[in-house]
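Chemist: Structure below; questions to follow.
The values are calculated or read from the model by the stated rules, or taken from the named source; none is laboratory data. Not measured: the values here are computed from a predicted model. Heads up, the Cβs are rebuilt from the backbone with ideal geometry, glycines too, and the neighbour counts pull from every protein chain shown.
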Amino acid sequence: MNTIFLAEDDEYIARVYTRAFRIAGYELVVVTDGEAALQSLSSIDPLPQAIILDVSLPKTSGLNVLKSLRSNSRFEHIPVAILTNSFPKETEEQFKSAGANLYMIKIEYKPGEVVEKIEQLIKDHVTTNKS
């Protein structure tokens, strides 16, 4: 099963994306805060094909989760997408400089479009890491 990991504290949004990814043939592992994301990812097996983080997570931020992932060689080849409603340009730049592969504003994409973007991110990442 193809797995995507999602850290999203809004239960409704998490349900919407769970459904969209399941329709596309993915299993979505969902956690609702940053500490749960770090704990779950530390023992997840097999590794997910992609990780999606919200910027504003309870307990520890999406940025802290991203930095932790990028400092761990186990996750260096896994694409990380940020899916948020945080608009400031500095936020996007901060996440990209910390290692995010994609930054999306939630209200700009329908759930199916998010799935397509993540699928493209996975394909691009696989191609890049093979060469």
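Chemist: Here is a list of conditions, (1) assigned to a loop (DSSP other than H, G, I, E, B); (2) closer than 17 Å to residue 51 by Cα, and residue 86 meets all of them except one; can you say which number that is?
Modeler: The single condition residue 86 does not satisfy is (2).
Chemist: If you go through region 57-74 one residue at a time, do you hit one that is part of a loop (DSSP other than H, G, I, E, B), surrounded by fewer than 19 Cβ atoms within 10 Å (Cβ to Cβ) and hydrophobic (A, V, I, L, M, F, W, C)?
Modeler: Taking region 57-74 as the starting set, the residues that turn out to be part of a loop (DSSP other than H, G, I, E, B) are 57-61, 71-72.
Cutting the leftovers down to surrounded by fewer than 19 Cβ atoms within 10 Å (Cβ to Cβ) gives us 58-61, 71-72.
Subset that is hydrophobic (A, V, I, L, M, F, W, C): none.
No: zero hits.
Chemist: Modelled with pLDDT under 95 and among the aromatic types (Phe, Trp, Tyr): is that true of residue 21 in this structure? Explain how you work it out, then say what you get.
Modeler: Numbers: modelled with pLDDT under 95: no; among the aromatic types (Phe, Trp, Tyr): yes.
So residue 21 does not fit the description; no.
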